[in-house]
Structure formats: structure tokens, C-alpha cells
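The values are calculated or read from the model by the stated rules, or taken from the named source; none is laboratory data. Nothing here was measured: the structure is a model prediction, and the numbers come from that model. Just the protein is used for accessible areas: all its heavy atoms, side chains included, with ligands, DNA and RNA removed. Shrake-Rupley method; radii C 1.70, N 1.55, O 1.52, S 1.80 Å.
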Amino acid sequence: DVGCGSCLSSAPLAAAGSVPVGLDLAREMLLVARRSGAEVVHADMSRPLPFRSGVFDGAVSVSAAQFLCEDAAGEAAPERARRCLSETRRVVGGRGGAAVFQFHPPPEAAQAAASLLLAAARHAGLAAALAVDQTHHTAA
């Protein structure tokens, strides 16, 4: 669970029999996750991930990828996004693994954020598709 926060999104995976591992930069959120029994690692999703290649069958990220669309620590957003998705591909490895990233960019940045993440996924060698969830719109 990339950018896991409190690991709320990992609970359904664990209930279904998976053994999720959460990764987040926010130590406070990781403390909450640990109290719920989650296995978590303190790390920045935009840096090399602290896992062996091919160790995971899949990856999820819920409401964290939008942070890759911002410059941080003197590094441009496109490089941060490329590294995250390349590292995700590396640790998910073969065996038919998949990665699903959901995010909520602000409406005024949605198109640019989507383009940035799709380009980063393709750069990482991932097949990429985009499903748009317009939570900021009142009309469906």
C-alpha cells in the first residue's frame, strides 16, 4: 500500500487473505497503522523503495499519488513520479502482478496531474489506463 497513511485501504486486502505491507513518509500515520496491527515501513514513495525486486504480487495506492504531482525537496514532480512508478514496477515484479493507483488532484490541476502520471507509468514500462473520479463535481 504505497502512501498508506493509517492503512485504512489495506484492511480489505488483509480481510481477503492478502498480507499487505504499507509504506508512508508520515511517521504519525504509521503509528496509527501499527496500532491497528498493520505491517508498515517508513519510506518516501518518490525515492528508491526499501524492498527486494519482485517481492510483491501487487501494489495499491489510494489518495496518495497526487503528492507525486508536486515538486518537493528540490526535485521536480515528473522525476518523482517516474521514480515511484519505476520502483513500484521493480518491487511488484513478474508473476502477472499489477499496480493500481487512485488519486484526487485538485480540479484545476487534474488534467496536468493525469498526464504526468500516465507519462511516468509509460516511462516505467507499465501499461497505463486512467479512470476519472470527479469527486469535486456535484452533477453526475
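Numbers below:
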read-out: 1.4 Å probe accessible area per residue over the range 1-127, in Å²; value: 54 Å²
read-out: Proportion of all alpha-carbon pairs of the chain beyond 17 Å (%); value: 60 percent
read-out: Share of alpha-carbon pairs per 10 Å distance bin for the range 57-115, given as whole %; value: 22, 49, 25, 3
read-out: Choice from 107, 48, 20 with maximal GNM fluctuation in the chain (Cα, 10 Å cutoff); value: 107
read-out: For the chain, share of DSSP beta bridges that run antiparallel, in % to the nearest 5; value: 10 percent
